[in-house]
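Engineer: One structure follows; several queries about it will come next.
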């Protein structure tokens, strides 16, 4: 298990996550990415973890306490509306892991476009936006349509 944790930490560092950052983990689940990010950003950084599943958020709280990073994580319960109630240009890096495929998989491009605009509004100039997608031919075909939406917001 430590090998997986080390791999994930190295992956996150390669993506540019570092100390003192403000990171949004949209669709955080029980914290598979939230916890390692909280360890990297240090005590002066913050991770905002958003999910609509209350059970997963409760598990995230337990996991964060076990990892001793609960003070670095701000948990927000979503109502499923893809709206993000954060200050404009306040986030250094936004992560969407295995969330985009759920939205696009339903061929719900207007909702995906709304989410991208929300993310753009809260992301600082020179901020980063990372999307993690489960690989597969069907998903890759769907995401091609969405890439143009993302490029318009994040040139």
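Engineer: Using a 10 Å cut-off on Cβ atoms, rank the peptides 87-93, 52-58 from the highest mean neighbour count down.
Structural biologist: Output ranking for 87-93, 52-58: 87-93, 52-58.
Engineer: A further question on this structure: In which sequence would 97, 7 go, from the one with the fewest C-beta neighbours within 10 Å to the one with the most?
Structural biologist: Neighbour counts put them in this order, fewest first: 7, 97.
Engineer: Something else now. Going by how many other Cβ atoms sit within 10 Å of their own, how do 41, 50 line up, fewest first?
Structural biologist: Neighbour counts put them in this order, fewest first: 50, 41.
Engineer: Now a separate question. On a full-extension model of 0.36 nm per residue, what is the gain between residue 71 and residue 58, subtracting their alpha-carbon distance, rounded to one decimal in nm? It would help to have the intermediate numbers written out before the result.
Structural biologist: Values: separation 13, 0.36 × 13 = 4.68 nm, distance 1.49 nm.
Length gained between residue 71 and residue 58: 3.2 nm.
Engineer: State whether the stretch 1-93 is rounded, prolate or oblate according to the following rule on the C-alpha gyration tensor (a ≥ b ≥ c being the square roots of its eigenvalues): a/c under 1.5 gives rounded; otherwise a/b larger than b/c gives prolate, and the remaining case gives oblate.
Structural biologist: The shape class here is oblate.
Read the figures in this text as sums done on the coordinates, not as results from a lab. Everything numeric in this text was worked out from a predicted model, so none of it was measured. No Cβ is skipped: glycine too gets one built from the backbone with ideal geometry, and neighbour counts run over all protein chains shown.
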